[in-house]
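The values are calculated or read from the model by the stated rules, or taken from the named source; none is laboratory data. Worth saying up front: this structure is predicted, and the values here are computed from it rather than measured. All Cβ positions, glycine included, derive from the backbone under ideal geometry; neighbour counts span all protein chains shown.
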Amino acid sequence: MRRIWTERLAVLGIAVVLAGCSTTKEQMLTHDNRTMLDIWNAETGGGPAARQLLDARQALRRPLTDDDIQAAPGVQARYTRTAANEIHRQFHRLPNPDLVMYVYPHLTGTDPVPVPGYSTVFPLYQRVQYALPGERIEDY
């Protein structure tokens with residue numbers, strides 16, 4: 001009974017292996033006479049249509065005018081470092097309260113060594129947070 005079961009299982013395994021080898025490479029992986037560059041351009045949009053789109057975008061771009069150049073420093077003046085604004089802090093630190101923890105006397109290590117009690121201080125938040133320029137920090 002046991003021998004018949006194992007023989008049938010072996011025959012079934014051989015049949016599955018032979019059925020898997022019955023197809024050819026061309027049936028499984030069709031080539032279509034395309035190169036890797038053709039496949040890349042088709043999948044990434046790098047063909048002639050993408051080049052036409054890039055040319056159209058270049059035609060729409062315009063150089064900066066004198067008015068644009070003169071208006072740019074006013075927009076970023078709050079974030080630019082100068083001697084005048086170095087005196088005042090732009091990014092204020094947000095409050096990060098200190099917590100005081102008392103560690104009771106205890107024994108530590110493989111050879112129990114006594115450690116006396118002590119106090120330690122650590123900040124409530126892990127990182128220091130900063131407010132954006134103009135953000136109200138008085139409410140904190």
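List of remarks:
- Of the candidates 8, 3, 62, the single residue that is modelled with pLDDT under 80 and either in contact with a Leu (Cβ under 9 Å, 6 or more places away or on another chain) or part of a helix (DSSP H, G or I) (or both) is 3.
- Among the residues making up segment 94-134, those that are among the aliphatic types (A, V, I, L, M) and in a loop (DSSP other than H, G, I, E, B) are 94, 124, 128, 131, 132.
- First in segment 122-134 and within 7 Å of residue 94 (Cα to Cα), second anywhere and outside any strand (DSSP E or B) and modelled with pLDDT under 90, Cβ under 6 Å, 6 or more apart: 129/94; 130/91; 131/92; 131/94; 131/137
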